[in-house]
Amino acid sequence: MPSILPRKLDWYKEIDQTTARNSFVICRPDEFPLAQVQTIAERVLNPEPTPIFTRKPIPPCSQKSDEIIIHELKAVAGVFYIEEAAIIGCLHLLTWEVARWHLWSKIKPDLKNADKDEIFTSRISVYLQCIVIARKASSVLVHEGEALAARQLLRILHHGKTKEFPSIVKLLTTITDASCGDLLPFDFLAEVLRRAEWREKLKARLAHLQKSQRWVDAYSLVDGLQDFSQRSDLPQDVRRWLPSLFFHYPMWASWRPNLSRIQAWKAGTTPEQRAQLAPIFELEGPDTTLQQRSTFRHSSTGAFPNARAHGTHNDKDILDRLLDLLDSAVRIGPNAINLFIHLTLTATSTAVPGTYELTWHHLHQLSAAFSPNVDSVPGVILSFLQSLRPGTEVQIYSRMTSCTAVLPLLNSSQPLQTFFGESIDISIRAPRILSDAQKHFCSLLIHSQQQLLPFGLAILFLGRALLSSTWLLDRWKPAFMNMLHAMPSEAEIRARFKAIQTEKGEVRQAHMDYLAVSLGGSEMATGRGTPPVTPPPPVVIEDDIWQAELDADRHALRKALLALRASRTRGLDLDLATRCLKAAATEHDAFVKGVTGYMVGGSDQACVNMARFLAPRVVGPGRSGSSCWVGLCLWMMRRRPRGLLERLGADLTVESWNEWVGCLSRLFGDGHLGDKGGLGFTAERIRQITIWKMSRGGRVHSGSSTSSTVSI
């Protein structure tokens, strides 16, 4: 042994002061301070020169370096954690053979001591971590397959501290394919699995995944099992040992699910939906009958005992077609999945718990509902079907709205008419739903009018939907058709409900009686035995434009017009306001914004601004030509207090006055003058004020000492 050169004697204490020990304890090999420990080891091989001693550096990975490092490692022999850390720090200084020998001879625990050593499991953990770290220290010393296998064994050994449940098949594949028998021999692997209680954990894990139909997760643990066990290049003891790891090994080894299918099921369904779909998910699971078929449905019908009795359709078994439709439902969306659950499970449950009477009719219904390939269609159908279920407390309003929504769908599709309309007698059910709603409406009219408008409109919309169902019209009696045609318009219904809120006495009662007859299908709202008022009291009916969807600019105009209509001082006439709002549909956005801005001014100057804005835009070739805007300008002036002409004559400059007078002439001709104008304007008075202003040669402000009232 060569003499030891001057060096720091407590180098292993330096290692102990690093985080090396802690990284081993918490099993985080990626946090091992490799560079720091290597630096300490390098100082052992080549100490820093001192004032009284220097020598030629010893090259690493040489016979000399091997001799020195082996000697120095004796100082830490048997010191758990520190010896392993020191060896890892020295690996890059040793030759390949010596470094490799230290891994499997000095760090790898001896299996002969497995039952004697109380910390044997910890020694296994440290050894596996050292393989992972050694890969970082030297990619030549430990190849990638060995490091990967060591990581997988660590996950197995410390399962419970990691989220992922490791796959034994992937581990065995890695070890056998990567020739890891030197560092990770089979007997060592078996000891790791024994200490980790892997067989018991794997059995419990697969049982849990099987019970919850989490087939993707289960398949990840057994994928390749059958192919692996049949490999002739494996040692005989490995092939015999592998089946002993798996409870029901033949069942899992023969399982061949449609992988893309179970992946789509996992990604496209919610936990609640998966729980409901368990009887169907089971069909794609492993063959629990132990007949070693590829899936359960090839050996058993499961929760559908009579499925085989229905034969095939287009060369498809009923269960195969069932799974195809589930795939379609997952692809379409959540409403389609829920309809699938309703028609195949909820609607087919039998008196025997957990069994279902599935027929081809149910599957044809699903095919028809899925054919538009739009998720909203199954949603509408499901809502209607659920409203019809016996024993459910579905509100009349909900049943009415679901029927209104489903009727246009049925009218647009022959398959939907066949498998939903005809099969549930929609021609009888829908009028019955309307009749129930009308009775309830009349009852509410008598006892409470709160929130009754939405209910009344829902009756109207259902009536319209019935009238639009052309494939059903010839099945209904003339009296029923006449009642549908006689329903009032939405605008009239709104107007009469508004009148009910504002009127009193006989007039109010007459409106209620009319709605009871025309909308509620009743003879009268009260039980007084007298006929309702004929004809009904007149009401102001608003155009649909006041309830329609509008863009932001026209909605702002509507709000402004509504505010002017509600004004206490000469509110805007409904007809004029409606004509303006409807005319705005064809006007430019800038025009609509301008009109809206000027009409809310409420001042003398606002009248001037509106006239100046409209004159060049609504008069002449290529202009708007909508007389409603001219009428709006005239209404704005009529709304102002008397004396508008004189006030503006005093306030405006000569130029502004002349421009305004000219705009009035362009807009109205002489329609703003005399009695027909309703403004008190006359041509003579305008002429007098103009002459007066010209003689003054300028503007007279109403706030000056001169009176704001022009007198000549």
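Kindly state which helices (runs of 4 or more DSSP H) lie completely within segment 175-226 and contain at least 2 residues that are closer than 30 Å to Gln273 by Cβ and open to solvent by less than 60 Å² (accessible area, probe 1.4 Å).
198-211, 215-222
Filter segment 118-159 for residues that are at pLDDT 90 or above, within 17 Å of Ala196 (Cα to Cα) and part of a loop (DSSP other than H, G, I, E, B) and give the result.
Glu118, Ile119
Determine which member of the set Glu84, Glu144, Glu72 is in contact with a helix residue (DSSP H, G or I) (Cβ under 8 Å, 6 or more places away or on another chain), acidic (Asp, Glu) and open to solvent by 70 Å² or more (accessible area, probe 1.4 Å). Quick ask: steps written out before the conclusion?
Numbers: Glu84 fails: open to solvent by 70 Å² or more (accessible area, probe 1.4 Å); Glu72 fails: open to solvent by 70 Å² or more (accessible area, probe 1.4 Å).
Just one listed residue meets the conditions, Glu144.
Filter the helices (runs of 4 or more DSSP H) completely within segment 311-383 down to those with at least 2 residues that are within 21 Å of the chain's Cα centre (by Cα).
The qualifying helices (runs of 4 or more DSSP H) are 318-332, 334-341.
Would it be correct to say that Ala486 is of a type in the set (A, V, I, L, M, F, W, C) and either surrounded by fewer than 16 Cβ atoms within 10 Å (Cβ to Cβ) or without any contact (Cβ under 8 Å) to a residue 12 or more places away in the chain (or both)?
Yes, satisfied.
Here are the criteria: (1) within 21 Å of Thr270 (Cβ to Cβ); (2) of a type in the set (S, T, N, Q); (3) open to solvent by 50 Å² or more (accessible area, probe 1.4 Å). Tell me which single one Ser328 does not satisfy.
Ser328 satisfies every listed condition except (3).
Is it true that Ile459 is without any contact (Cβ under 8 Å) to a residue 40 or more places away in the chain, open to solvent by less than 30 Å² (accessible area, probe 1.4 Å) and in contact with a helix residue (DSSP H, G or I) (Cβ under 9 Å, 6 or more places away or on another chain)?
For Ile459, the condition - without any contact (Cβ under 8 Å) to a residue 40 or more places away in the chain, open to solvent by less than 30 Å² (accessible area, probe 1.4 Å) and in contact with a helix residue (DSSP H, G or I) (Cβ under 9 Å, 6 or more places away or on another chain) - is not met.
Consider Arg570 against the criteria (1) assigned to a helix (DSSP H, G or I); (2) in contact with a helix residue (DSSP H, G or I) (Cβ under 8 Å, 6 or more places away or on another chain); (3) open to solvent by 50 Å² or more (accessible area, probe 1.4 Å): it satisfies all of them except one. Which criterion is unmet?
(1)
Taking segment 482-511 as the region of interest, how many residues are within 25 Å of Arg432 (Cβ to Cβ), part of a helix (DSSP H, G or I) and either touching a Ser or Thr at 6+ places or on another chain (Cβ under 9 Å) or aliphatic (A, V, I, L, M) (or both)?
Here the count works out to 3.
Count, please, the residues in segment 252-279 that happen to be closer than 26 Å to Thr355 by Cβ and exposed (fewer than 14 other Cβ atoms within 10 Å of the Cβ).
Qualifying residue count, segment 252-279: 4.
Taking segment 300-313 only, how many residues are open to solvent by 70 Å² or more (accessible area, probe 1.4 Å) and in contact with a Lys or Arg (Cβ under 8 Å, 6 or more places away or on another chain)?
1
Inspect all residues belonging to segment 431-454 and state whether any of them is over 30 Å from Gln501 (Cβ atoms) and of a type outside the set (Phe, Trp, Tyr).
yes
Is there any pair linking a residue in segment 92-106 that is under 24 Å from Phe186 (Cβ atoms) and among the basic types (Lys, Arg) to one that is open to solvent by 20 Å² or more (accessible area, probe 1.4 Å) and assigned to a helix (DSSP H, G or I), with Cβ under 9 Å and at least six apart or on different chains, and which?
Pairs found: Lys106/Glu83.
Within segment 22-46, which residues are exposed (fewer than 15 other Cβ atoms within 10 Å of the Cβ) and in contact with a Ser or Thr (Cβ under 7 Å, 6 or more places away or on another chain)?
Selection gives Glu31 alone.
The values are calculated or read from the model by the stated rules, or taken from the named source; none is laboratory data. As the structure is a prediction and not an experimental result, all values here were calculated from the model. A quick note on method: Cβ atoms are made from the backbone with ideal geometry, for glycine too, and the neighbour counts reach across all protein chains shown. Quick note on the areas: whole protein, heavy atoms, side chains included, nothing else; ligands and nucleic acids left out. Shrake-Rupley method; radii C 1.70, N 1.55, O 1.52, S 1.80 Å.
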